[in-house]
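Colleague: Handing you a structure now.
The values are calculated or read from the model by the stated rules, or taken from the named source; none is laboratory data. Given the structure is predicted, the values throughout are model-derived calculations rather than measurements. Here the Cβ positions follow ideal geometry from the backbone for every residue, glycine too, while neighbour counts run over all protein chains shown. Please note that ligands, DNA and RNA were not included when accessible areas were found on the heavy atoms of the full protein model with its side chains. Shrake-Rupley method; radii C 1.70, N 1.55, O 1.52, S 1.80 Å.
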Amino acid sequence: TAMIRSGYILTIFLFANALVLQVIGQLPNYHVQFFDETTGIRTGNFQRIDMTKDQDNFLWILQTTTVQRFDGKRVDNYYFNENLASILCDFHGRIWVSTEKKVYRFHPKKKRFEPVFSSGPKESVGKVFQFQDTAVWLHTSSGFFEFDQQNQVFTRRLEDVPESRNISVRNFAYFKNVLFFQYFDTLNSYNIKTGVKKGLQKAPGIDIFSLSEDLVISTNWAFYSFWHDFEKEKSRAPDARGQGR
């Protein structure tokens with residue numbers, strides 16, 4: 001597993017060969033490796049630091065304008081002239097990175113990121129993501145795109161979905177077949193399999209977290225949390241037990 005903490009220090013702990021608990025009260029024997037700046041892993045004040053792992057067990061760390069690939073001993077740096085938004089390792093092991101205007105894909109043989117999508121002058125790029133057993137998708141301010149593997153291009157999908165003006169990666173989430181995204185004062189739910197669209201009133205906020213295909217928790221600018229239940233079509237603050245139902 002891995003843990004990242006941004007702001008003052010970036011630390012990664014790798015746990016391997018953990019023993020299964022066989023007796024109640026007996027602690028497992030963890031083999032722990034500690035990695036910090038001495039191995040080349042950068043720290044920073046970037047709150048959206050993200051990380052993924054590829055099929056060869058390389059860790060890919062998303063920084064402000066840099067992607068770092070860590071093999072457990074040393075770091076390879078890949079620099080961008082843009083602020084980075086999201087990173088993805090798809091089911092085929094390919095590494096994707098989105099910036100505010102473009103999407104890049106890592107070319108293993110050339111050892112570099114190459115652009116595969118550029119937004120229009122009035123468009124913004126958000127999160128690159130992937131549903132299970134589907135192609136790579138992209139969330140933009142003008143809608144959703146899916147990567148066409150045969151033609152190697154992103155094509156517009158879900159034409160009936162409203163534009164998502166708030167393109168922040170923190171204002172977007174998905175769970176199984178359902179997309180969740182903000183449009184003005186409405187939090188939208190869209191099932192890509194059934195085409196069912198739902199909406200709940202929600203003031204602009206900071207983060208959206210999906211818990212199921214019907215349930216979302218969000219935070220507002222005052223750092224209060226709210227539950228949004230699309231099945232019951234209602235939103236409410238958590239009760240004293242931390243539950244919204």
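Colleague: Out of everything in segment 79-135 that is part of a loop (DSSP other than H, G, I, E, B), of a type in the set (Phe, Trp, Tyr) and within 25 Å of residue 174 (Cα to Cα), what residue ends up being modelled with the highest pLDDT?
Modeller: Of all residues in segment 79-135, those part of a loop (DSSP other than H, G, I, E, B) come to 80-83, 90-94, 100-101, 108-111, 119-124, 131-135.
Subsequent filtering for residues that are of a type in the set (Phe, Trp, Tyr) retains 80, 91, 131.
Okay, now just the ones that are also within 25 Å of residue 174 (Cα to Cα), so 91, 131.
On the way: 91: 90, 131: 81.
Among residues in segment 79-135 that are part of a loop (DSSP other than H, G, I, E, B), of a type in the set (Phe, Trp, Tyr) and within 25 Å of residue 174 (Cα to Cα), the one modelled with the highest pLDDT is 91.
Colleague: Would you mind stating whether residue 82 is acidic (Asp, Glu), without any contact (Cβ under 8 Å) to a residue 12 or more places away in the chain and over 19 Å from residue 192 (Cα atoms)? Before you say what the answer is, go through the steps one by one.
Modeller: On the way: acidic (Asp, Glu): yes; without any contact (Cβ under 8 Å) to a residue 12 or more places away in the chain: no; over 19 Å from residue 192 (Cα atoms): yes.
Here the answer is no, as residue 82 does not meet what is asked.
Colleague: Still on this structure, please answer the following. For segment 202-220, give me the residue count where each residue is open to solvent by 20 Å² or more (accessible area, probe 1.4 Å) and under 14 Å from residue 171 (Cα atoms).
Modeller: Total satisfying the criteria: 8.
Colleague: Take residue 161 and decide whether it is farther than 14 Å from residue 126 by Cα, modelled with pLDDT under 90 and crowded, with 16+ Cβ neighbours inside 10 Å.
Modeller: Spelling it out, residue 161 is indeed farther than 14 Å from residue 126 by Cα, modelled with pLDDT under 90 and crowded, with 16+ Cβ neighbours inside 10 Å.
Colleague: If you don't mind, another one. Being of a type outside the set (D, E, K, R), in a loop (DSSP other than H, G, I, E, B) and open to solvent by 80 Å² or more (accessible area, probe 1.4 Å): is that true of residue 223 here?
Modeller: Numbers: of a type outside the set (D, E, K, R): yes; in a loop (DSSP other than H, G, I, E, B): yes; open to solvent by 80 Å² or more (accessible area, probe 1.4 Å): yes.
It is true that residue 223 is of a type outside the set (D, E, K, R), in a loop (DSSP other than H, G, I, E, B) and open to solvent by 80 Å² or more (accessible area, probe 1.4 Å).
Colleague: Report yes if residue 134 is within 24 Å of residue 81 (Cα to Cα) and surrounded by 11 or more Cβ atoms within 10 Å (Cβ to Cβ), otherwise no.
Modeller: no
Colleague: Please find, among 176, 198, 202, the residue that is under 17 Å from residue 128 (Cα atoms), in contact with a Phe, Trp or Tyr (Cβ under 8 Å, 6 or more places away or on another chain) and either modelled with pLDDT under 90 or among the basic types (Lys, Arg) (or both).
Modeller: On the way: 198 fails: under 17 Å from residue 128 (Cα atoms); 202 fails: under 17 Å from residue 128 (Cα atoms).
Going through 176, 198, 202 in turn, just one is under 17 Å from residue 128 (Cα atoms), in contact with a Phe, Trp or Tyr (Cβ under 8 Å, 6 or more places away or on another chain) and either modelled with pLDDT under 90 or among the basic types (Lys, Arg) (or both): 176.
Colleague: Next question. Can you tell me which residue in segment 97-119 is surrounded by the most Cβ atoms within 10 Å (Cβ to Cβ), limited to those that are under 15 Å from residue 144 (Cβ atoms) and not aliphatic (A, V, I, L, M)? Before you say what the answer is, go through the steps one by one.
Modeller: First, the residues of segment 97-119 that are under 15 Å from residue 144 (Cβ atoms): 98, 103, 117, 119.
From what's left, not aliphatic (A, V, I, L, M): 98, 117, 119.
Details: 98: 26, 117: 19, 119: 22.
Taking the candidates together, the pick is 98.
Colleague: For segment 60-78, which residues satisfy the criterion of being in contact with a Lys or Arg (Cβ under 9 Å, 6 or more places away or on another chain) and either part of a loop (DSSP other than H, G, I, E, B) or on the phi > 0 side of the Ramachandran plot (or both)?
Modeller: Let us first name the residues in segment 60-78 that are in contact with a Lys or Arg (Cβ under 9 Å, 6 or more places away or on another chain), namely 60-64, 66, 68, 75-78.
Correct list: 63, 64.
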